[in-house]
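A short write-up of the structure that comes next.
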Amino acid sequence: MAINGSSQLYGILGDPVSHSLSPAMHNAAFAEYGLNNVYVPLPTKDVGDAITGLKSLGFRGISVTIPHKQTVIPYLDSIDPVAEKIGAVNTLIIKENRIHGVNTDWLGANRALQEKTELSGKRVLLLGAGGSARAIGFGLLEAGAEVIIANRTAEKGKALADLLQCSCASLSDPGGVQTDILINTTSVGMTPNIDATPFPKKYLSHFSVVMDIVYAPQKTRLLAEADEEGCQTINGLAMLLFQGAAQFELWTGQKAPVDIMRQHLLAGLNK
Ligand code: ATR
């Protein structure tokens, strides 16, 4: 689709954004449906200035990434209730000069999980207590799952557990926790530290499903060991894909072409 005077504008706001895979994924999805839309990287230092600019330039939709997922909130006209609870927004919908903020990170995690398992009534051990754990944790509660937090720094784990009104477990003794699903939300195992794992292999057979939000490498040591222990596994690419698919659906009202989006994410990763 050639860009012309009628093209609708979308983009990703963050700092840095030069390595983002989102432009390839979203432009491919727009092209698949013949939509006259274009999605561009928007390296942004000052989020307030950027918001004023996006409104006046007529942008329709924005992905928000690090470090602006929290700082963008005061500039919104309205916010989705789950995003408000999470305290972070990764998606803007701009209509009639009004900006609505949503969080699709939790939607992406839930959809990636729901490809393999029900969530309602399931017990989930969540490793980590940072921003990703917070989004995924609230999302799991929305889906009716029970969450248990385990974090390296116990006080941070306890603080997130208090916020989510759930329990926490010790990372040094994970064997005593009976759960169905394990999710790593930490960066442990990410390139270049691919020999690291956030969880001992000997306990992995307790879980039916193991998900890692790390997507480089696609098969982390945690996922390789979970495979060996007979667990179903979900890699970080799935969450990235489905958070983008949810954005596409919010912006266009059409079902996202996930196979095309996945192909372009993979092509970008393998470059
Ligand atoms: P994000 O927003 O991506 O979740 P973050 O807020 O920096 O990132 O959170 C990172 C999480 O990964 C934290 O829970 C952190 O544990 P601490 O609270 O103890 O810092 C966890 N993490 C990072 N590196 C880790 C490591 N080497 N071992 C265990 N946990 C680690």
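Every number here is computed from the coordinates shown, using simple stated rules; none is lab data. Bear in mind that the values here come from a model prediction, so they are computed numbers and not experimental data. Cβ atoms come from the backbone with ideal geometry, glycine included; neighbour counts cover every protein chain shown.
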According to the Cα gyration tensor, what semi-axes, each the square root of 5 times an eigenvalue, does the equivalent ellipsoid of region 107-237 have, listed from largest to smallest in whole Å? 20, 16, 14
Between Asn97 and Lys271, the two model label points (7 Å from Cα along the beta-carbon direction) sit apart by a distance in nm of 3.7 nm
Taking the convex hull of Cα positions in region 8-103, its mean projected area over all directions (nm²): 5.8 nm²
My understanding is that a pair violates if its Cα-Cα distance is over 29 Å; which of Lys122/Lys202; Lys69/Lys202; Lys69/Lys156; Lys116/Lys202; Lys69/Lys219; Lys95/Lys158 do that in this structure? Lys69/Lys202; Lys95/Lys158
By average Cβ neighbour count within 10 Å, what is the ranking of 255-264, 83-92 from highest down? 83-92, 255-264
Cα convex hull of the chain: how many Å³ per residue? 128 Å³
Ordering of 110-123, 63-76 by packing [mean C-beta count within 10 Å, highest first]: 63-76, 110-123
For the chain, find the longest principal axis of its Cα atoms and tell me its angle to the long axis of helix 47-57, 0 to 90°, nearest 10. 40 degrees
Quick calc: nm separation of the 7 Å Cα→Cβ label points for Gln254 and Asp15 -> 3.5 nm
Please give the helix 154-164 orientation as an angle from the longest Cα principal axis of the chain, in degrees from 0 to 90, rounded to the nearest 10. 60 degrees
Residue-averaged 222 nm ellipticity for the chain, from DSSP H runs of 4+ at -39500 (n - 2.57), nearest 500: -11000 deg cm²/dmol
The chain - percent relative contact order, Cα under 8 Å, separation 6 or more: 17 percent
Taking region 1-151 and dividing mean pair separation by its residue count, relative contact order in percent (alpha carbons under 8 Å, at least six apart): 18 percent
Between helix 22-32 and the chain, what is the angle of the helix's C-alpha long axis to the longest principal axis, kept within 0 to 90° and rounded to the nearest 10? 60 degrees
Taking a label point 7 Å from the Cα of Glu229 along the Cα→Cβ vector, which residues of region 118-162 have an amide N closer than 12 Å to it? 125
Rounded to whole Å, give me the distance from the Cα center of region 67-103 to that of region 10-47. 17 Å
For region 115-161 versus region 203-264, the gap between their alpha-carbon centres in whole angstrom: 16 Å
Packing-based ranking, highest mean first, of 173-179, 138-144, 39-45 given that Cβ atoms within 10 Å are counted: 138-144, 39-45, 173-179
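Which FRET efficiency value, to the nearest 0.05, do you get for Arg60 and Tyr203 by plugging their Cβ-Cβ distance into 1/(1 + (r/R0)^6) with R0 = 41 Å?
With a Förster radius of 41 Å, E is 0.30.
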